[in-house]
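Reviewing the structure listed below.
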Amino acid sequence: MIKVVLKRDDYDFIQNYAPAFKIEVVAAPVLITEKEVTYEFHEEEDYDDFESGLNFTIVHDGLDNQEHVNKVGKRLYKIYDNLDVYKE
């Protein structure tokens, strides 16, 4: 199993500013608190879909004309780089 923990403000940012990435389509959150959102992936392929979806969103919502990183893209890169991923 793979767990992914997002800071709640990162989760909210994705929901509000990155419409291309629909986390709920890939996985339902297991635990939502005021500070963080936790997802569990029982299959590695499901986690791969989550990661691919986030990469797609960086390109789709985070780049202007797929060339220049915009403000949304900068934040999405930070979210991606700071994902807490645990393999059990």
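The values are calculated or read from the model by the stated rules, or taken from the named source; none is laboratory data. What you see is a predicted model; the values in this text were computed from it and never measured. Here the Cβ is made from the backbone with ideal geometry for all residues, glycine too, and neighbour counts use every protein chain on show.
Does residue 37 satisfy the condition of being in contact with a strand residue (DSSP E or B) (Cβ under 8 Å, 6 or more places away or on another chain), surrounded by 14 or more Cβ atoms within 10 Å (Cβ to Cβ) and β-branched (Val, Ile, Thr)?
yes
Among residues of the range 58-73 that are more than 15 Å from residue 13 (Cα to Cα), those with a Cβ under 6 angstrom from a residue that is part of a helix (DSSP H, G or I) and modelled with pLDDT of 90 or more, sequence gap 6+ or separate chain, pair up as 63/73. Considering the range 1-75, the qualifying strands (runs of 3 or more DSSP E), each wholly inside and each with 3 or more residues that are of a type in the set (A, V, I, L, M, F, W, C) and at negative phi, run over 2-7, 29-32.
Scanning the range 30-45 for residues that are more than 16 Å from residue 6 (Cβ to Cβ) and either aromatic (Phe, Trp, Tyr) or touching a residue at least 24 places away in the same chain (Cβ under 8 Å) (or both) returns 42, 44. Restricting attention to the range 46-83, the residues being loosely packed, with under 12 Cβ neighbours inside 10 Å, acidic (Asp, Glu) and either over 11 Å from the mean Cα position of the chain (by Cα) or farther than 22 Å from residue 3 by Cβ (or both) number 2. Among the residues here, residue 86 qualifies as exposed (fewer than 15 other Cβ atoms within 10 Å of the Cβ) and of a type in the set (Phe, Trp, Tyr).
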